[in-house]
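Below is one structure, written out as structure tokens; comments come after it.
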Amino acid sequence: SSERIDLITASGDLTHYGSEADLAQMLETLDCMGAPVNYVLGNCDPKEFRRGLGSHGVCLEEGLGGLGPLSIAGAGGSTPTPFGTPFEVDEVELVASLRRNSSRSADGPIMFLVHNPPAGQLVDRTSFGRHVGSRMLSELIASASPLVVQCGHIHEAAGVETIGSSTVFNPGPAMRGRYALVRIDGKNVGVSLRSV
């Protein structure tokens, strides 16, 4: 794409049950794109790397990221799955982590970067038609009104929807060439889902 990218955000599953070396390799690949990287871990990532890997991007599991006036609060992992993946948390912990991280933000606009989707219409729907998103996360989004929310986890649930006044999107899996371009102009958000 010929568009200027100011920031790269990744909503988890940067590895598939991978190691520190696998995570570092993926983050190095993102770093090569020439823009700062903010990320959270997914349920298939090793949760022991919640503090990040130092020189590779900014892991938002333990803090706040962002660009200019936009603050980004993150929370990784997923609510429990039938598969017993490495990084699973309950809804209470997921929402508490996001609240804790977002409480550090300035007065400007805020974005939530999460792996687990909120309960919604599109972004949490499995291929079997079942909605598996977090109701507590949806309630937090409705009350906190972040400008935009990026999630992942459900590979087949790429889409854009609204919860309260917040734009919520799941770009779909990068391993299948899926990504999103997000334009923020004041309080206006435009999300364009793309594939390579």
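The values are calculated or read from the model by the stated rules, or taken from the named source; none is laboratory data. Please read these numbers as outputs of a predicted model, since none were measured by experiment. For neighbour counting, all protein chains shown are included, and Cβ atoms are generated from backbone atoms with ideal geometry for every residue, glycine included. Only protein heavy atoms, including side chains, enter the accessible area calculation; ligands, DNA and RNA are left aside. Shrake-Rupley method; radii C 1.70, N 1.55, O 1.52, S 1.80 Å.
So here's what we get for this one:
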| quantity | calculated |
| --- | --- |
| Integer Hz, Karplus 6.51/-1.76/1.60 couplings in order for region 116-128, x for Gly and Pro | 5, x, x, 5, x, 9, 10, 6, 10, 8, 6, 5, 8 |
| Karplus-derived HN-Hα couplings along region 95-103 (A = 6.51, B = -1.76, C = 1.60, θ = phi - 60°), whole Hz, x at Gly and Pro | 5, 4, 4, 5, 4, 4, 5, 6, 5 |
| Most mobile listed residue (Gly133, Gly164, Gly66) in the chain, GNM with C-alpha springs under 10 Å | Gly164 |
| Candidates His16, His131, His155, ranked by Gaussian network fluctuation over the chain, Cα under 10 Å, top entry | His16 |
| Among Ala174, Ala21, Ala157: highest mean-square fluctuation, GNM of the chain, C-alpha pairs under 10 Å | Ala21 |
| Glu48 versus Asp31: modelled label distance in nm, points set 7 Å from Cα along the beta carbon direction | 2.1 nm |
| Dimensionless Rg over Rh [the chain; C-alpha; Kirkwood] | 0.92 |
| Mean-position separation - Cα centroids, region 41-76 and region 145-193, in angstrom | 18 Å |
| Scattering profile of region 109-196 at q = 0.12 Å⁻¹ [log10 I(q)/I(0), Debye over alpha-carbon scatterers] | -0.31 |
| Residues whose placed amide H lies under 5 Å from that of Val58, excluding near-sequence neighbours | Val37, Asn38, Tyr39 |
| Placed amide H near Gly159: partners under 5 Å, 5+ positions off or other chain | Asn170, Gly172 |
| Net lengthening on full extension, Ala144/Asp107 (0.36 nm per residue, minus Cα-Cα) | 12.1 nm |
| Heavy atoms of Ser166: accessible area, 1.4 Å probe, square angstrom to 10 | 0 Å² |
| Whole-Hz couplings from phi, Karplus 6.51/-1.76/1.60, listed for region 20-29; x for Gly and Pro | 4, 5, 5, 5, 4, 4, 5, 5, 4, 4 |
| FRET efficiency, 1/(1 + (r/R0)^6) with R0 25 Å, evaluated for Val196 and Ser19 via beta carbons | 0.45 |
| Full-stretch length increase - Lys187, Arg130 - with 0.36 nm per residue and alpha-carbon distance subtracted | 17.3 nm |
| Rel. contact order, % - alpha carbon contacts under 8 angstrom, at least six apart, the chain | 15 percent |
| Charge sum, other residues only, whose C-beta stays under 11 Å from Ser19's C-beta, Lys/Arg counted +1 and Asp/Glu -1 | -4 |
